[in-house]
Each structure stands twice: as C-alpha cells, then as structure tokens.
Amino acid sequence: MAGLTACGSDKSSDDKAGDKAGDTSGGNGGQSVGSPLAALKLASQRTDQQDSAKVDGTIKSPLANSDMSGAMDWSDGMRANMTMKSKGGAGASATGGDKPVSVRYTPDAMFIDAAAMGLPAQGKQWIKYDYDAFAKQGGASGAYLKDQMQNNNPSRSVQLLLATGQVKKVGTEDVRGVEATHYTGEVKVSEMARTQSKGLSKSELDALQKQLEQSGADSETVDLWIDNKNLLVKKREQAESKTGATDSTVYYSDYGTKVTVEEPASSETVDFQELQGAQR
C-alpha cells in the first residue's frame, strides 16, 4: 500500500484544544487561518476527525508503476478495499501483466488476489500477508511496515509535514474541480520514521534509521492540497534513493463513505510464510 501508507494517529491534547480554536476559523481551507503551519494544524484536526474516504492515485517506483483505487476506513484499525493495476516495470512482468488485482486490508493482515496476479498459491485464490510476520521477518523495516499498515490515515501525511516546522504555501489550485490550497515541504527520511511510527521501540527506530541511510534515501518532498472544508484532497510524495526515484500521488474524496471489508474465507487463503516454506 505504498502510495497510501503515508495517507491512524491518536488525537493528542493539543489536537483537542485546536479543535475548539478551529471552530472559530470560518472553515476556509487554511486560506483564512494565517500561517501555513496554522492552516495545516487545522487540516490535521479536521481530517483526523473523519473515519473513512475514497482514494485513488498512482505510484511510480524503480520496481513498478501502478494505479490504485478504492476506499479505506480507519475508525477501528485500518480496513480497505483496493484495486491495483500495474503499468509496467519489473513488478508488472513478475506478476502477470497489467490485470486489475484486488487487495483487501484488515487490522491484522493484507490479502492479495493471487489468481488475478497469476501467482502460484497452492490452488487458493488469496495470499495472506500477516503484519506480525512482517515485523518478525523484516526486523526494523518489518516492524515499521507493520506500524504503517495498522496506523494509516490521511491525517498522518499532514502531521508529517507539520512536524518539520518548515512549510511553504504555494498558492490556490484546482484539484478535480475543487479549489484547494497547495502546501509543500521537505522531510528528512530519518525524522519521517520517528514522527510517523507509533509502536516502534528506540532500538527499532535506530536500526531503521541505519537501514534508510544505507539505502541512500535522505529526504522526501511532500506536497499537500487542502480544500475549503480543511480536508486533505491530494497528496504527492517524491524521494530519491540508490535504487532510483519514487513518486506517488493520492487523491482523497467522499469522506465518511461506508466501507465494508470482507476477509477472505480461510479455505480460499494461503499464508505467505507457508508458500515461502514450500518453495525452499
């Protein structure tokens, strides 16, 4: 869920105090709030008050380029129904081309439609990727991925840019027919991990920072567009590493939409770790 991973966070006492202050702002998408930081503070509070949204976007990376669309609900853990479609790259070649693939997210695991991808799955339709297994097998990066998958909502992107303390207002732009204010900033990758990770220990964060430094990833440019309801409607993240450039753009709409995620039946599911063991 690469493009959505930067898309829950707990409301702090500062947020609650800010909610009261925000109620007197007039609700004009940051345009009337004053400084860019004040505008993003309000946007973080307003977006965090939401529970769900429709999402769509694109991801461009050294491994693959893909489109994604669906809906996500973060009211009680992360749940989402997504459709992914590869648009070329090594990842597309390895997974059977550009057919749409269904991906379901629950608070504990991700399920990928193996049949649509043409992946061997012992005759089952779905492959299950358990987040605890990610954390166990992947070390610090696995623990970080688990944390991101379980605590994932659009307000985190706003909080990430807020944490830098250095935000620039670009101007007012049209986002799919909606007037929105564009903000931009640069985030150090090491600080991004520390700011966005709720469940990692200090040793895990230190190890993760070392891995990030070895990858050559130093910073990430984050652009956010906030509408006149003080809600995030578009996000773009760009970064460079030793393996190449990554560029993701995500659009958010229909906040409050109903999202129902059905976990695949166990009879139609095989665990990823089981597949790994069988291939050894």
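The stretch between Lys54 and Gln238, if pulled fully straight at 0.36 nm per residue, gains 64.0 nm over its current Cα-Cα span. Dimensions of the stretch 225-269 from C-alpha coordinates, computed as largest minus smallest value along each principal axis and given longest first, are 41, 39, 9 Å. Site pair Lys85 and Thr184 shows an inter-label distance of 2.9 nm when each label is modelled 7 Å from Cα along Cα→Cβ. Once the Cβ-Cβ distance of Glu268 and Ala38 is raised to the sixth power relative to R0 = 41 Å, the FRET efficiency obtained is 0.25.
Taking the highest mean first, how do the peptides 43-53, 101-111, 238-248, 152-162 order by number of other beta carbon atoms within 10 angstrom per residue? Could you put the intermediate results ahead of the total?
On the way: 43-53: 22.8, 101-111: 19.5, 238-248: 15.4, 152-162: 24.5.
Order by mean packing, descending: 152-162, 43-53, 101-111, 238-248.
Each reported figure results from applying straightforward, stated rules to the coordinates on display, with no laboratory input. None of the values given here were measured: they were computed from a predicted structure. Quick reminder, even Gly has a Cβ in these numbers, built from the backbone with ideal geometry, and neighbours come from all protein chains shown.
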